[in-house]
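Where a number appears in this text, it was derived from the coordinates with a stated rule and is not lab data. Not measured: the values here are computed from a predicted model. No Cβ is skipped: glycine too gets one built from the backbone with ideal geometry, and neighbour counts run over all protein chains shown.
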Amino acid sequence: MLSITVLATASNTITPLVQTIETFTYISIGIGALGVLIGFLVWLTNRRAK
């Protein structure tokens, strides 16, 4: 019975942690994509200016 309680507590602790890591991953991917897009736009405007 004790092992089940420990297991349940562990899974309750791990799940929000995994969700937080997933959220951070999606945010960093989004920021990275945004940075690439901005860089591409800047490069495009620089090419158009010349």
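If R0 is 25 Å, what FRET efficiency do you get for Leu17 and Ile38 from their C-beta distance, rounded to 0.05?
On the way: r = 32 Å, r/R0 = 1.26.
The calculated FRET efficiency here is 0.20.
With θ set to phi - 60° and the Karplus curve 6.51 cos²θ - 1.76 cosθ + 1.60, what are the ³J(HN,Hα) couplings of region 14-25 in order, to the nearest whole Hz, using x for Gly and Pro?
6, 4, x, 5, 5, 5, 5, 5, 4, 4, 4, 4
Which value in deg cm²/dmol, rounded to the nearest 500, describes the helix-derived mean residue ellipticity at 222 nm for the chain, given -39,500 (n - 2.57) per DSSP H run of n ≥ 4 and division by the residue count?
Theoretical 222 nm ellipticity from helices: -36000 deg cm²/dmol.
Assuming R0 = 25 Å, can you tell me the calculated FRET efficiency for the pair Thr5 and Thr25, based on Cβ-Cβ distance, to the nearest 0.05? List each step's numbers first, then the result.
Numbers: r = 31 Å, r/R0 = 1.23.
According to the calculation, E is roughly 0.20.
Over the chain, what number does the Rg to Rh ratio reach, with both radii from the alpha-carbon atoms and Rh per Kirkwood?
Radius of gyration relative to Kirkwood radius: 1.53.
For region 6-12, just list the computed ³J(HN,Hα) in residue order, Karplus coefficients 6.51, -1.76 and 1.60, θ = phi - 60°, integers in Hz, with x standing in for Gly and Pro.
Per-residue couplings from phi come out as 4, 5, 5, 5, 5, 5, 5 Hz.
For region 32-42, take each phi angle, set θ = phi - 60°, evaluate the Karplus expression 6.51 cos²θ - 1.76 cosθ + 1.60, and give the result in whole Hz per residue in order, putting x for glycine and proline.
Karplus values, whole Hz, x for Gly and Pro: x, 5, 5, x, 5, 4, 4, x, 5, 5, 4.
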